[in-house]
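Written out below as structure tokens is the structure these notes cover.
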Amino acid sequence: MVDSASTHLSDQAQRIHQACPLLPKPTIERGELTLQVPAQDWPQVALTLRDDSHCAFEQLIDLCAVDYLTYGSVEWETETCTTQGFSRAVTPLHREADQVAPCPARFAVVVHLLSMRRRGRLRIKIPAEGDEPPTVPSVSSVWPSALWYEREAYDLFGVVFDGHPDLRRI
């Protein structure tokens, strides 16, 4: 018996790939579609994902920055609490099942989009260009909700969002 959720995700991945044929087909990671987008292509891909009727991702629901400096180098403790609290969780590199490949750059921006019309979500990973400072184009003109999230990522990680109209610390 074919799982209807995985069929829906596969259909959605195919529609996204048809709308953005120059990008690799989205993968299904941990039950969620994930699309890798080069930073220089991000603004055009964002417009396509919002405006193409096969995608219709009308809402940006989250945007954050990720620092991959020590990703996978240690298996952080998550079972016991220390005086500082729980350690952050990381999928260890030696675990094969359900593993998410690390980003090719030290910093990346991760965006979550929502399509109410297509009943779908999409995770997008955009590797930041350079480290001094890491830079990704702004998509605040595509989704106004990105204004705050981009400022937050800039303030916390130093990721510069090229084209952001008011990029300053919060």
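What follows is calculated from the coordinates using simple rules that are stated; it is not laboratory data. Note that the structure is a prediction, hence the values are computed from the model and not measured. For neighbour counting, all protein chains shown are included, and Cβ atoms are generated from backbone atoms with ideal geometry for every residue, glycine included.
Sticking with the crude label model, points 7 Å out along Cα→Cβ, report the distance from residue 25 to residue 135 in nm, one decimal please.
3.5
Full extension from residue 170 to residue 10: what is 0.36 nm times the residue separation minus their Cα-Cα distance, to one decimal in nm?
On the way: separation 160, 0.36 × 160 = 57.60 nm, distance 3.91 nm.
So the extension gain works out to 53.7 nm.
Please compute the net charge surrounding residue 148, taking Lys and Arg as +1 and Asp and Glu as -1 over other residues with Cβ under 13 Å from its Cβ. Kindly include the intermediate steps, with their values, before the conclusion.
Values: positive: 151, 168, 169; negative: 62, 150, 152, 155, 166.
Once all neighbours under 13 Å are counted, the net charge is -2.
Can you check what the net charge comes to around residue 52, using other residues whose Cβ is under 12 Å from the Cβ of residue 52 (Lys, Arg +1; Asp, Glu -1)?
On the way: positive: 15, 50, 117, 118; negative: 51, 58.
Net of charged neighbours comes to +2.
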